[in-house]
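Please read the structure below before turning to the comments.
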Amino acid sequence: MILVTGASGPIGGALAQRLRSDGFEVWAPSRKGRASDALNLDHVSYAELPPVLQTAFLCAWYGGVAEAASDPQGTRRSNVEGNLELAGILRKAGANVVFLSTSLVFSGVDTFAAASLSPCCAYGEQKAAVEAGLDVRRDAIVRVTKVGETLMPRLSQWATTLRAGGRVAAAGHLRVAPVMLEEVVEGLAGLARNFQPGVYQMSAEQDHSYLELADAIAARTGGAVTDDSEAGVGVFHTLPLSGRLEIKAPGHSEYWPRGLDHAQRLVQSALS
């Protein structure tokens, strides 16, 4: 059986669905519900795990970048302590552990898999803390850049505003190298089929600033774009210099994202 936490989120939900379609038996517990169906990171010891678990994908995470910045201690209890407690229980049960991490564990331009971590925000610090509690000789850490689908509400709103002749502000100092959800799920599903411990990274090879994406939309719609120099204030204590990761795939992988640049695809989707 495969455990997928965070199945109410985009990655966990899509992964659970994909694994079931591949023929795996999947346990995707909710945060609330009957004891046998629930797994709450605040109360991991209460969870009733299945007797046999092959691999566990730890995708559950409470809050995003803004929530971690506004309540670092409150979110840390669930995100760091809860995930590490669960990982320890899973190890004792003999399960393989795959932890979903982020490019925000880096703030500099060195973003290869073995580079020293330099988290740029509270969210990145929490992900780095979980990474530090894992053992890459037996666990897998998968760092992922921005998922392209999560950019779409912002890009679509920009397109609507610009078409109406309005003005949008977009950050020239914040960069993204988005991967698409289907790529992320395909890569993770490969680890279910052929688990390999280590540190792996998914990213596009090219990153773009939010300002560049807004300008690309405005080139088709008209309207005005300005640089939002205040974006990230109060969230990032160190501005990340890169939005991309050096891609690192498991050995002999045929399913890992190859670093395609999806910026134009995302811009086109926002315009359609």
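Considering only SER209, VAL184, ALA219, and ranking their Cα positions along the charge dipole of the range 147-249 that arises from unit charges at the beta-carbon of Lys, Arg, Asp and Glu, the one farthest toward the positive end is ALA219.
Dipole size of the range 124-249 about its Cα centre, with +1 on Lys/Arg Cβ and -1 on Asp/Glu Cβ: approximately 140 debye, rounded to the nearest 20. Look at the dipole of the range 69-130 built from charges on Cβ: of VAL130, THR102, GLY88, the Cα furthest out on the positive end belongs to GLY88.
Solvent exposure of THR102, expressed as accessible area, is near 10 Å², computed with a probe of 1.4 Å over the protein chains only. Taking every DSSP helix (H) stretch of at least 4 residues in the chain, weighting each as -39,500 (n - 2.57) and dividing the sum by the residue count yields a mean residue ellipticity at 222 nm of -10500 deg cm²/dmol. Loop-located trypsin sites (Lys or Arg not before Pro) across the range 1-71 with a Cβ neighbour count of 12 or fewer within 10 Å are LYS32, ARG34, with loop assigned by DSSP.
Taking amide H positions as modeled 1.01 Å from N, with prolines and chain starts lacking one, the residues under 5 Å from VAL144 and 5 or more places away or on another chain are SER101, THR102, SER103, MET202. Full extension of the segment from SER8 to TYR255, taken as 0.36 nm per residue of separation minus the current Cα-Cα distance, would add 86.5 nm. For the pair ASP215 and GLN268, label points projected 7 Å from Cα toward Cβ lie 2.2 nm apart. Taking Cα centre as origin and charging only the Cβ of basic (Lys, Arg, +1) and acidic (Asp, Glu, -1) residues, the dipole magnitude of the chain rounds to 360 debye.
Counting only Cα atoms, I'd like the Rg/Rh figure for the chain, Kirkwood definition for Rh. Taking Rh as the inverse mean 1/r over Cα pairs, Rg/Rh reads 0.98. Once the chain from LEU239 to ASP42 is taken as fully extended at 0.36 nm per residue, the excess over their C-alpha distance is 67.9 nm. When ASP139, ASP22 are compared by accessible area at a 1.4 angstrom probe, the order from most to least is ASP22, ASP139.
Extension gain, MET1 to ALA164, is 53.6 nm, computed as 0.36 nm per intervening residue step minus the present C-alpha separation.
Among the lysines of the chain, pairs at least eight places apart or on separate chains and with Cα atoms under 25 Å apart come to 6. Here the simple spin-label model places points 7 Å from the Cα toward Cβ, and for SER116 and GLU25 these points are separated by 4.7 nm. Here ALA224 and ARG138 are evaluated by their C-beta separation; at R0 = 51 Å the FRET efficiency comes out at 0.45.
The values are calculated or read from the model by the stated rules, or taken from the named source; none is laboratory data. Here the structure is a predicted model, which is why all the values come from computation and not from measurement. All Cβ positions, glycine included, derive from the backbone under ideal geometry; neighbour counts span all protein chains shown. Each accessible area value is taken on the protein alone, full model and side chains, heavy atoms only, with ligands, DNA and RNA left out. Shrake-Rupley method; radii C 1.70, N 1.55, O 1.52, S 1.80 Å.
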